């Protein structure tokens, strides 16, 4: 895949997240090209009208290499995770409603939806501060540990993956789970999957072909 094609894939990811109401006027996604080049959307772009011209390049220390405008302030979030997790090739940082509601109310993320169980347990960074410098980025990376997702108290969420498809799909699954958990709490106590059920879900659903099918579902609806 050429760099232009990778940029377009990143554009599609961000636009699908915006169309799904998971990203708004903020939020950013990135793809690691190699050890010293990371693609990320510029901070000033309109996510709903994103093009490849809105993708810039930074290095692993969060220094900007190119781009028509500045990389987002929270670029350190991406670099901190990439340094800590060499296997991670893509990162999605969003400010989703339902997942964030849970953190605002002190509600633990519970696996109530098969796909949503893939990211359970989801660690919580217990601060709403912006991840706009290396020390707090390192703190987030430590909170994330080896997990595929983390939440940030009254702030947002992050998912990581071996590629942008995986990171996108896990962000979608996590937010859908949070929505179902929130709604179920309005009428009673939601059923929480057992450890055995979670293991079965992972065995069946952590599947590259199913991730691609989910990506294709949202991609087909892109305006």
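Quick notes on this structure:
- Scanning the stretch 96-142 for residues that are more than 27 Å from residue 183 (Cβ to Cβ), in a helix (DSSP H, G or I) and in contact with a strand residue (DSSP E or B) (Cβ under 8 Å, 6 or more places away or on another chain) yields 139, 140.
- Matching residues, the stretch 10-56, being assigned to a loop (DSSP other than H, G, I, E, B) and over 16 Å from residue 74 (Cα atoms): 20, 21, 22, 35, 36, 46, 50, 51
- Sole residue being surrounded by fewer than 19 Cβ atoms within 10 Å (Cβ to Cβ), without any contact (Cβ under 8 Å) to a residue 12 or more places away in the chain and touching a helix residue (DSSP H, G or I) at 6+ places or on another chain (Cβ under 9 Å), chosen from 205, 210: 210
- Flag if residue 7 is at pLDDT 95 or above, touching a strand residue (DSSP E or B) at 6+ places or on another chain (Cβ under 8 Å) and more than 28 Å from residue 135 (Cβ to Cβ): yes
A quick yes/no check of all residues on (1) within 20 Å of residue 158 (Cα to Cα); (2) surrounded by fewer than 22 Cβ atoms within 10 Å (Cβ to Cβ); (3) in contact with a strand residue (DSSP E or B) (Cβ under 9 Å, 6 or more places away or on another chain):
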site: 53; (1), (2), (3): no, yes, no
site: 72; (1), (2), (3): yes, no, yes
site: 83; (1), (2), (3): yes, yes, no
site: 91; (1), (2), (3): yes, no, yes
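The values are calculated or read from the model by the stated rules, or taken from the named source; none is laboratory data. Remember, it's a predicted structure, so these values are computed and weren't measured experimentally. Methodologically, a virtual Cβ is constructed for each residue, glycine included, from the backbone with ideal geometry; neighbour enumeration extends over all protein chains shown.
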